[in-house]
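Working notes, beginning with the structure itself.
The values are calculated or read from the model by the stated rules, or taken from the named source; none is laboratory data. Note that this is a predicted model, so its numbers are computed, not measured. FYI the Cβ positions are ideal-geometry reconstructions off the backbone, even for glycines, and counts take in every protein chain you see.
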């Protein structure tokens, strides 16, 4: 069995490839990427415990697509954007449940602290300002760091694209990322504010 079939974030990527190329070519690339994924794990003992492990399938796909002469960055980023929009609809449905927006707003700081914690491999500065629910500058991200360590820094961008899209789904909460380390910025700047006018 292809190990990529077990990767929840990347499961739809084979279907995406089949929309743009013959099924057989897509399946060959998918199988090759599965083997590349296994090779990365074998050559890097202990990597499964890295907090950025979710980026490894992206690196495997990136390398395999490039080898096949396909715009790896473009295809992966498009997939990240589409996946993020799907997640945004789910986030919107959940946060539209009466009271859910206020519950999240009331706990935004503790949720934000937990999701960007150093235990998860992030380096950060908390920069919450008056009127903000939570503000954080991520100066180092485990996904970006691992992709860079593996020599394919651009592979992480699909996760960044997903992140930027899904965060737009919050009902009554403006969740913005104005910059990203993976795009050459000094930090990923996240700001959460409560906005009753935001649908």
Q. Taking region 141-164 only, how many residues are assigned to a loop (DSSP other than H, G, I, E, B), touching a helix residue (DSSP H, G or I) at 6+ places or on another chain (Cβ under 7 Å) and under 18 Å from residue 77 (Cα atoms)?
A. 2
Q) Restricting attention to region 165-180, which residues are touching a helix residue (DSSP H, G or I) at 6+ places or on another chain (Cβ under 8 Å) and part of a strand (DSSP E or B)? A) 173, 175, 176, 177
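More than 22 Å from the chain's Cα centre (by Cα) and at pLDDT 95 or above: which single residue out of 68, 72, 60, 33 fits that description?
Just a single option satisfies the conditions, and that option is 68.
Looking only at region 88-101, filter to residues that are part of a helix (DSSP H, G or I) and within 15 Å of residue 194 (Cβ to Cβ); which one of those is nearest to the chain's Cα centre (by Cα)?
Applying the filter and picking the extreme gives 95.
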**Q.** region 44-53, residues that are more than 12 Å from the chain's Cα centre (by Cα) and outside any loop (DSSP other than H, G, I, E, B)
**A.** 47, 48, 49
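Among 166, 143, which is the only one that is under 21 Å from residue 9 (Cα atoms), crowded, with 18+ Cβ neighbours inside 10 Å and modelled with pLDDT under 95?
After applying the criteria, what remains is 166.
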Q.
Looking at 104, 138, 56 in this structure, which one is outside any helix (DSSP H, G or I), buried (at least 17 other Cβ atoms within 10 Å of the Cβ) and touching a helix residue (DSSP H, G or I) at 6+ places or on another chain (Cβ under 8 Å)?
A. 138
(Q) Take residue 74 and tell me if it is part of a helix (DSSP H, G or I), without any contact (Cβ under 8 Å) to a residue 24 or more places away in the chain and within 26 Å of residue 29 (Cα to Cα). (A) yes
Q. Residue check: is residue 190 buried (at least 21 other Cβ atoms within 10 Å of the Cβ), in a strand (DSSP E or B) and touching a residue at least 24 places away in the same chain (Cβ under 8 Å)?
A. yes
Q: Sort out which residues of region 113-135 are under 18 Å from residue 186 (Cα atoms) and part of a strand (DSSP E or B), and write them in order of number.
A: 123, 124, 125, 126, 135
Q: Test each condition in (1) over 24 Å from residue 72 (Cα atoms); (2) within 18 Å of the chain's Cα centre (by Cα); (3) touching a residue at least 60 places away in the same chain (Cβ under 8 Å); (4) surrounded by fewer than 18 Cβ atoms within 10 Å (Cβ to Cβ) for residue 125 and report the one that comes out false.
A: (2)
